[in-house]
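The values are calculated or read from the model by the stated rules, or taken from the named source; none is laboratory data. Quick caveat, the model's predicted, so the values are computed rather than measured. When we count neighbours, we look across all protein chains shown, and the Cβ atoms used for this are built from the backbone with ideal geometry, even at glycine.
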Amino acid sequence: MAEAVAAKAKPKKKVKSWEQKKKTIGYVFTLPFIIGAFFFLLLPVITSLIYSFSNLNVSQSGYILENVGFEHYNYLFRVDPYFIRNIGAMLLDTMPNVIVALIFSFFIASLLNQKFHGRALVRGIFFMPVILSSGIYTQLQSGDVLSNQISSSAQAAASGAGSVTAAFSTTLASMGLSGGIAEFLLNSVNRISVIVSMSAIPIIIFLAGFQSISPSIFEASYIEGATKWEVFWKISFPMVSPQILVSLVYIIIDSFTTSTNSMIQSIHTVTFNQMQYGRGAAMAWIYMLAIFIIIGICFFIVNRLVFYYD
């Protein structure tokens, strides 16, 4: 009798559901990133925030922090006539690249999702810009005299009247397009190498989204008499729309934080060349907040159009 009462009083072991097990496995796999982010990302971010409110004086015995409050921020917003203007100009210059890269990567991924001979080779070619844009390759290329001479000759040839850009401009003019559309297309052609480089990772993201769609959905739609055009816009596009949001955020961060970005170069110059660490940190924080605002606006607009398949 006592054993029966003890058995009833003993609490039953809670069985984890499959969803809870998947979450646990996810936390285990992301634990190294969380630890690394704390030591290599969070601590430097906090340090840079402290620097933005201080003057950092370097000496042989170390460095001394002198708290100056909002002096650096006041200088950048009220005294410096170029900083805020340069941020606005950079945003207007970079956002068209983001839009074109997003559209380009989406349609290239849709093409690479089709079955054809040499598909793996073509996918590798579109991923090559990531390798070619790496820091090691850039340093090797900058030190190659022959490559620099070839690049200079190519730029000189492109500036001539017979360049591809001039021919494309003539074609757009003959089509009677408005000035704004023609200028946008011309700028896209001039920056095609930058756009292709920005599109490498988003192409992989979109391709993974296309391949995650169950083939049975397409089979059922074709049995019902749907055309390929209808299947693409009513099935493929809505189900890949979450990847549009992910790719958009990635392209914005990648394009606004690349080493060739004018604001990144300006922050680097002020911080390391002029040795104004506090002002450079303040510039970085203002620039980072501007990027967060842009991401928030884009997320608010695009997230309302995203279709989440349950």
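Is it true that some residue in the range 227-247 is touching a Ser or Thr at 6+ places or on another chain (Cβ under 6 Å), of a type in the set (Gly, Ala, Ser) and either closer than 22 Å to TYR75 by Cα or crowded, with 20+ Cβ neighbours inside 10 Å (or both)? Within the range 227-247, not a single residue is touching a Ser or Thr at 6+ places or on another chain (Cβ under 6 Å), of a type in the set (Gly, Ala, Ser) and either closer than 22 Å to TYR75 by Cα or crowded, with 20+ Cβ neighbours inside 10 Å (or both). Residues in the range 24-69 that are outside any strand (DSSP E or B) and under 19 Å from ILE267 (Cβ atoms): LEU41, PRO44, VAL45, ILE46, THR47, SER48, LEU49, ILE50, TYR51, SER52, PHE53, VAL68.
For every residue, the table says whether it meets (1) hydrophobic (A, V, I, L, M, F, W, C); (2) in contact with a Phe, Trp or Tyr (Cβ under 7 Å, 6 or more places away or on another chain); (3) without any contact (Cβ under 8 Å) to a residue 12 or more places away in the chain.
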site	(1), (2), (3)
ILE203	yes, yes, no
ILE223	yes, no, yes
ALA226	yes, no, yes
LEU248	yes, no, no
ILE253	yes, no, no
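Going by the conditions given, is LEU102 without any contact (Cβ under 8 Å) to a residue 24 or more places away in the chain and part of a helix (DSSP H, G or I)? No, not satisfied. All conditions but one from (1) at pLDDT below 90; (2) surrounded by 15 or more Cβ atoms within 10 Å (Cβ to Cβ) apply to ALA284; the one that does not is (1). Within the range 1-23, which residues are in a helix (DSSP H, G or I) and either among the basic types (Lys, Arg) or at pLDDT 75 or above (or both)? Hits for the range 1-23 are LYS8, TRP18, GLU19, GLN20, LYS21, LYS22, LYS23. Scanning the range 46-74 for residues that are surrounded by 14 or more Cβ atoms within 10 Å (Cβ to Cβ), of a type in the set (Phe, Trp, Tyr) and out of contact with any strand residue (DSSP E or B) (no Cβ under 7 Å at 6 or more places or on another chain) yields a count of 2. Restricting to the range 202-226, count the residues that are of a type in the set (Val, Ile, Thr) and surrounded by 17 or more Cβ atoms within 10 Å (Cβ to Cβ). Adding up the residues that qualify gives 3. Of the set (1) surrounded by fewer than 16 Cβ atoms within 10 Å (Cβ to Cβ); (2) without any contact (Cβ under 8 Å) to a residue 60 or more places away in the chain, all apply to THR271 but (1).
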